[in-house]
1. Quick one: B:Arg5 ticks every box in (1) at pLDDT below 95; (2) surrounded by fewer than 21 Cβ atoms within 10 Å (Cβ to Cβ); (3) more than 9 Å from DNA strand D (Cβ to nearest atom); (4) farther than 21 Å from A:Leu22 by Cβ except a single one, so which number is it?
2. Return the residues of the range A:20-37 that are within 14 Å of DNA strand C (Cβ to nearest atom) and farther than 14 Å from A:Ser48 by Cα; say none if nothing qualifies.
3. May I ask you to list the residues in the range B:125-154 that are in a loop (DSSP other than H, G, I, E, B), among the aliphatic types (A, V, I, L, M) and surrounded by 15 or more Cβ atoms within 10 Å (Cβ to Cβ)?
4. Does A:Arg72 satisfy the condition of being within 11 Å of DNA strand C (Cβ to nearest atom) and modelled with pLDDT of 75 or more?
5. For the range A:20-50, how many residues are under 23 Å from A:Ala89 (Cβ atoms) and more than 11 Å from DNA strand D (Cβ to nearest atom)?
6. Among the candidates B:Glu147, B:Glu157, single out the residue that is over 30 Å from B:Ala38 (Cα atoms) and without any contact (Cβ under 8 Å) to a residue 40 or more places away in the chain.
7. What are the residues in the range B:19-38 that are open to solvent by 20 Å² or more (accessible area, probe 1.4 Å) and either farther than 30 Å from B:Asp188 by Cα or within 11 Å of chain A (Cβ to nearest Cβ) (or both), if any?
8. For A:His80, all conditions in the list (1) within 9 Å of another protein chain (Cβ to nearest Cβ); (2) at pLDDT 90 or above hold save one; what is the number of the exception?
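The values are calculated or read from the model by the stated rules, or taken from the named source; none is laboratory data. The structure presented is a predicted model; accordingly, all values stated were derived computationally and were not measured. We place every Cβ from the backbone using ideal geometry, glycine too, and count neighbours over all the protein chains shown. For accessibility, only protein heavy atoms count, side chains too; no ligands or nucleic acids. Shrake-Rupley method; radii C 1.70, N 1.55, O 1.52, S 1.80 Å.
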2 protein chains.
Amino acid sequence: MITPRFDILGQAISDASRTQMLCELMEGRAYTNKELAAAAGVTPQTASAHLRLLQDAGLVVAEKRGRCVYHRLAGAEVAHALEQLAAIAPADSLHRAQQRKAGDLAQVRSCYDHLAGPLAVAMTRAFLDRGMLQEEHGAFRAVPAGEWLKLGVILPEKPGRQPFARPCLDWTERKLHVAGPMGRLILDHALGSGWVKRHRHKRGLMLTTPGTRALEQILDLSCGGLVAA
Amino acid sequence: MITPRFDILGQAISDASRTQMLCELMEGRAYTNKELAAAAGVTPQTASAHLRLLQDAGLVVAEKRGRCVYHRLAGAEVAHALEQLAAIAPADSLHRAQQRKAGDLAQVRSCYDHLAGPLAVAMTRAFLDRGMLQEEHGAFRAVPAGEWLKLGVILPEKPGRQPFARPCLDWTERKLHVAGPMGRLILDHALGSGWVKRHRHKRGLMLTTPGTRALEQILDLSCGGLVAA
DNA sequence: AAAACCCTTCGCCGCGCAGCGAACTGTCCG
DNA sequence: CGGACAGTTCGCTGCGCGGCGAAGGGTTTT
């Protein structure tokens, strides 16, 4: 019997501190040791050991720049596999309660390299409603439309082997939203256009007033309650 | 930040004994405690504890029948998530060596509810070559063809939300083969027609002479080396 | 040069847990 | 009824590993 080394991966994600770090890294940004240590609630020494383990497991890569070491997920496949796991993992009820209290914190955020959270779910729903996107065989198929260009998306001429618009299951909503190259384009464009901004210290993103207006104009999407305070 | 309880799943698959059991269960059959204990190389008491943990994690369900308890994977989602993990997990080189020595053992086998291994990969390649199946956006799309009926597959009238032919990455070959409802139909038909048979005590399946002839006739597929001794 | 800062390595403590032997429950069979 | 067998529970042992404090190597700032 051939057994993939699940245990190596499993051991990597079997610890609450490490999963906390991984969830942090799912934002797609690179983080320093100290930041991840704070996120997991442990000292830097401990975080250092955890990150070395995650590195050995191939889930995380490190990049030294000056006196800081920046850690990030090893690739989109890793983020994708973790999403899949999240789909069958029981949600943390404790943190779910925090989410309700925190309110907007989880409303708009990024998932590795694309938008996630309620905003992304709402946008995807708008794509489907307007016929810009079709769900078929559990995959997304983009339909040529003028709206795409306004969202910073240029559709490929021919469908490639990799899905251009990959469905990604949101952790909180348990609903699909757009990932893959199209998701990346949308996030890049939204950041470049100032529709969303990264928080300085808090995690997550904030939807700006221009962003709200643009989404309303292009997709007829009302973003009530999603604008950060 | 919302964190799915990766750690619960992670702890479940962080132990080599448990992963061994899970790989065994990936065959799709139900196994008794004793069988799984033998597969993992531990005593029944230890296996019992492991299985209770896997049950608590929601990966495995147990069914009591007489004095035996049959364990099986909790569902196709679990099998799917494990496949995804296997895609980024380093393969076990030790067992890879065993595979080469064992030869036909890994050639034909099932992956939860569909055929897997080199045979399934070869069949999928034949589907694609003959135009019965198309790969698009990383998904499979079945094309109506007479061959499908001979393989026990009746194509659905309209594409549903769930993919009918889901691509599944094989552990050993790292190549795609057909899973999902279509994969299940093919395996069911192959078992029902006597094309493949389950080994009595050994794991895996064996391709019969009628099976070889049928595949050659329908798909022009030569199965040299895949027939069990 | 000294101070501040980021990260890592080392050594230690303590918990958690995999593993087994022994004993117990429940089921099937003669 | 009594033996055989599957599974579980209990108690124990030993290893692994998460955690931190202390100390050391590098880099940036003053």
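1. Single failed check for B:Arg5: (4).
2. Answer for the range A:20-37, where residues must be within 14 Å of DNA strand C (Cβ to nearest atom) and farther than 14 Å from A:Ser48 by Cα: A:Glu24, A:Leu25, A:Arg29, A:Ala30.
3. Answer for the range B:125-154, where residues must be in a loop (DSSP other than H, G, I, E, B), among the aliphatic types (A, V, I, L, M) and surrounded by 15 or more Cβ atoms within 10 Å (Cβ to Cβ): B:Met132, B:Ala145, B:Leu151, B:Val153.
4. For A:Arg72, the condition - within 11 Å of DNA strand C (Cβ to nearest atom) and modelled with pLDDT of 75 or more - is not met.
5. 11
6. Selected residue: B:Glu157, the only one of B:Glu147, B:Glu157 that is over 30 Å from B:Ala38 (Cα atoms) and without any contact (Cβ under 8 Å) to a residue 40 or more places away in the chain.
7. If the condition is that a residue be open to solvent by 20 Å² or more (accessible area, probe 1.4 Å) and either farther than 30 Å from B:Asp188 by Cα or within 11 Å of chain A (Cβ to nearest Cβ) (or both), then B:Gln20 is the only one that fits.
8. (2)
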